[in-house]
């Protein structure tokens, strides 16, 4: 009986040691990386680290995304995956899969880093050269925009370059003075744009809201934000665009007026939200 009892004790001890060994192996399989987001393709992130220019990070429905807050960065604020925009420095924890891709379980970033990355995204369509254009150049751009709208209306996709992205298609939604609700006549256009986007490899949807210069700047900033958010909701709810394919909506306020003329027509053109289907050059494999 003593021999049998000793044998059981040895067996239990062996199993305990095996469990500890397996647990340590699972913990050691966790990978931690720090880097800057260089591109997004839906649930796929291209991360540049100090050791590698391109690490593929995969997002899942269980990925814990949060912003660290507080003086000691010990607390966190839960965030949407839409906050993971190119240019954002992040810390990633997860496990490497068979394709040597990091399946993220946890992503953390700082609030000031997010603000800077969003500011870069907000200025995506603007260059220093465009900021200094004269009246003739503005008129030329307006003519080009009119031509592009006509091409889109004729169901012809436009494929143009925008910094690190290609613009595959776009829709402009206009609003009445002081209004933020999306007119129902734009819903079919937004749904059609969403369906086209789903045929583009690694697409992202960019939504930017604008307001006219009439009224206070703070009110116009809020109007542009609400307009962008309402258009985003149409794309999510009616167009069934996944959150992983949406860039954070941009509130541009009175910036980038279509025309400097102070007329009712010019104000109407400035009360708008521009929705674009973008394809990242890094995702497309184009250098």
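Relative to one another, the C-alpha centroids of segment 212-285 and segment 35-97 are positioned 25 Å apart.
Given a Förster radius of 35 Å and the C-beta distance between residue 256 and residue 68 as r, what FRET efficiency does 1/(1 + (r/R0)^6) yield to the nearest 0.05? Once rounded, the FRET efficiency stands at 0.60. At an R0 of 41 angstrom, the distance between the Cβ atoms of residue 192 and residue 32 translates into a FRET efficiency of 0.45. Projecting label points 7 angstrom from Cα along Cα→Cβ for residue 106 and residue 214 puts them 5.2 nm apart.
Every number in this text was worked out from the coordinates using simple rules, so none of it is lab data. These numbers come from a predicted model, not from an experiment. Glycine gets a Cβ as well: all are built from the backbone with ideal geometry, and neighbour counts include every protein chain shown.
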